[in-house]
Amino acid sequence: MTQAIVELRAANIRQGDRNVLENVDLRIAPGEFVYLVGKTGSGKSSLLKTLYAALPLTSGSATVAGFDLRKTNRRKIPKLRRQLGIVFQDFNLLMDRTVEDNLRFVLEATGWEKGTGAEERIDQVLEEVGLTDRRRSMPHTLSGGEQQRVAFARAMLNAPALLIADEVTGNLDPETSKDILELMRKLGREHGTAVLFATHDYRLLDTFQARVVRCEGGKVFNAEG
Amino acid sequence: MPAPRPNQLYVIISLALVLFLLGLVGLWTFQANYLTKQLQESLDIIVELEEGHTEAQRTELITGITTADFNKPGSRPGFISKQAALEAMGDDLQRDLNDLGLNNPLLDVVTFNVPIAYLQTDSLAAIAANLQAKPGVASVFYQENFVDRIADNARRMGYVLLCLAGLFALVAGLLIHNTVRLSLYANRFTIKTQELVGASWGFISRPYLWKAVGQGIIAGLLAIGGVVGLQFWLQTVLPELNLFAEPLPLAYLYGGILLLGLLINFVSHYVVVRRYLRLRLDDLY
């Protein structure tokens, strides 16, 4: 059995004082694409936040990209997040700088130095998401779909082990949503990145076959794709 | 370097104004100390000469005082003859006292001032005893409680000014902190996003702290400019204040304004950025 990228056992996902999901068991293999579905408020985002250590895990065990979440303190969190790519519904781009500066920030923050191929890496990811010509654009001049592509480019910069997508199609039209989903699967396959794609839109599950994990009634149900 | 954005400009102006007011309190404190010192050093020590003293004794006494450590640097002892004193008294009383046909009861006197280091009861008593022993000297006078009273008032005034300066520094700190908090509020999601893409707290904080240093220096220089401008204006209107008389305390004041602006702004930025970093994403809304 290969080493899992995500391994949760009997984990309780908490939001403040409240248990949102109980006794969660979840395993995601390297390069695997997983849909995480459930109604709004079913605990999907809380589960994802726990995976990228924005919410603390207080019971059960969890390993993400080799980091034991129970033992990951504040100083180690940036190192964990460098192994992850996180994309949000509202894009969360740095609106005060251009597309290339958004990408450059991540590279500088994660230890890339000038002359070590950083500029080439920016070219590469922008080409992968089809935005080479928008390199010097400010985020507010881009469409929603383009902003989301920039967010993916940013998430893919460090070839993460796991890409976490939290309702990333929530602000996009159905056609663009499917394009984004296809792009994620393509990038995941090409780079061997596991993808955990959270959505409340069950129609998207028809885009392609993959394993579906469902949050419902405070429980997580695993299903094979 | 790009032009400062409006909220940066707002921070710089607010910071400069608060520092300017703080500078005024500082200037007031220094000026009060300076005036107190001037007042204390205006105390006249009066040496009465014996009736019939010789010219040589008087010259030797004046030379001795002029070269002594206890004579206020840059000042020369004064001499008032008994005749001049009588005429001055007559002027005060608006009468010609020579017409009374009496002997002049006054004595020739030598007066001088002492520097602040000697304005203590013990030192003054020692000076008086020393002069008293000189040939031709009848007695030495000075207003004994004048020194103690001024020193006492200066001490009380010093406490009040210190408390006022402390209170003002606290208010300044709070005002600056609040301004910084408001200006960084718009950046809270940017700060959180930077954290979510893997940036460490130090990496995220650094540009904000550099900006804080820049703002602190600009605001400090503006405040110093304001204080110096006000000093020049006051010096024109009230030259007797002698506002540039002591350059060293002024240099401390200007340095203090710059340092305080830099420090308060830096600490405020550090605290606010750390606060946003510590908050959970959901708490930012």
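Computed from the coordinates by the stated procedures, all read-outs in this text should not be read as laboratory data. Just so we're clear, the structure is a prediction, and the values are computed from it rather than from any experiment. Heads up, the Cβs are rebuilt from the backbone with ideal geometry, glycines too, and the neighbour counts pull from every protein chain shown.
Worth pointing out:
- When only alpha carbons are used to place a centre, region B:3-43 and region B:82-133 end up 42 Å from one another.
- Each Lys or Arg adds one and each Asp or Glu takes one away; over the other residues whose Cβ falls under 14 Å from the Cβ of residue B:87, this sums to -3.
- Residue B:138-residue B:221 pseudo-label distance in nm [points 7 Å out on the Cα-to-Cβ vector]: 6.5 nm
- Descending semi-axes in Å of region B:147-285, equivalent ellipsoid built from Cα gyration tensor: 41, 17, 12
- Across peptide B:196-208, the average count of Cβ atoms from other chains found within 10 Å of a residue's Cβ is 6.
- Which of B:201, B:210 has the fewest Cβ neighbours within 10 Å, and the rest in rising order: B:210, B:201
- Angle of helix B:144-185 to the longest C-alpha principal axis of chain B, folded into 0 to 90 degrees and rounded to 10: 10°.
- Reference-scaled alpha-carbon Rg (2.2 N^0.38 Å with N residues) for region A:21-132: 1.25
- Comparing B:130, A:187, B:193 along the charge dipole axis of the protein assembly as shown, the residue lying farthest to the positive side is A:187, per the Cβ-charge model.
- The calculated Kirkwood hydrodynamic radius for the protein assembly as shown is 29.7 Å, given to one decimal from all distinct C-alpha pairs.
- A simple charge model with +1 on the Cβ of Lys and Arg, -1 on the Cβ of Asp and Glu and nothing else charged puts the dipole of region B:44-142 at about 320 debye relative to its Cα centre.
- For region B:44-142, diffusion coefficient by Stokes-Einstein and Kirkwood Rh (Cα), 25 °C, 0.890 mPa s, µm²/s: 170 µm²/s
- Normalised by the number of residues in region B:44-142, the average gap of Cα pairs under 8 Å and 6 or more apart makes the relative contact order 50 percent.
- Chain B: C-alpha pair distances exceeding 32 Å, %: 52 percent
- Positive dipole terminus of chain B, leading residue within B:202, B:105, B:251 (C-beta point charges): B:202
- Principal-axis tilt of helix B:201-237 within chain B, Cα atoms, nearest 10 degrees: 30 degrees
- 0 to 90° range, to nearest 10: angle between helix B:121-132 axis and chain B longest Cα axis: 30 degrees
- With semi-axes defined as the square roots of five times the eigenvalues of the C-alpha gyration tensor, the equivalent ellipsoid of region A:23-79 measures 20, 15, 11 Å, largest first.
- A helix-only calculation puts chain A at -9000 deg cm²/dmol for mean residue ellipticity at 222 nm, using -39500 (n - 2.57) for each DSSP H run of at least four residues, averaged over all residues.
- Rg and Dmax over the alpha-carbon atoms of chain A stand at 17.0, 51 Å.
- Charge sum, other residues only, whose C-beta stays under 11 Å from residue B:136's C-beta, Lys/Arg counted +1 and Asp/Glu -1: -4
- By the count of neighbouring beta-carbon atoms within 10 Å, fewest first, A:169, A:50 end up ordered A:169, A:50.
- Note on region A:163-225: with charges restricted to the Cβ of Lys and Arg (+1) and Asp and Glu (-1), its dipole about the Cα centre is near 280 debye.
- Note on residue B:72: lysines with a C-alpha under 28 Å away, same-chain residues under 8 apart excluded, are B:37, B:82, B:134.
- Computed per residue of chain B from DSSP H runs no shorter than four, each worth -39500 (n - 2.57), the mean residue ellipticity at 222 nm is -24000 deg cm²/dmol.
- Among A:28, A:77, the order by Cβ neighbours within 10 angstrom, fewest to most, reads A:77, A:28.
- The residues packed around residue B:162, meaning those with a beta-carbon under 15 Å from its beta-carbon, carry a net charge of +2 if Lys and Arg are +1 and Asp and Glu are -1.
- 3J(HN,Hα) along region A:97-103, derived from phi through the Karplus expression 6.51 cos²θ - 1.76 cosθ + 1.60 where θ = phi - 60°, amounts to 9, 5, 4, 5, 6, 4, 6 Hz, with x in place of Gly and Pro.
- Estimated from the Cβ-Cβ distance and a Förster radius of 41 angstrom, the FRET efficiency linking residue B:57 and residue B:149 is about 0.75.
- Rg(Cα)/(2.2 N^0.38 Å) for region A:122-225, N = residue count: 1.13
- Charged-residue dipole, Cβ positions (Lys, Arg, Asp, Glu), chain B about Cα centre, Debye nearest 20: 2820 debye
- Dipole of the protein assembly as shown, positive direction: furthest Cα of B:94, B:19, B:215, with charges on the beta-carbon: B:215
- Taking the inverse of the mean 1/r over every pair of distinct Cα atoms in region A:75-169 gives a Kirkwood hydrodynamic radius of 13.3 Å.
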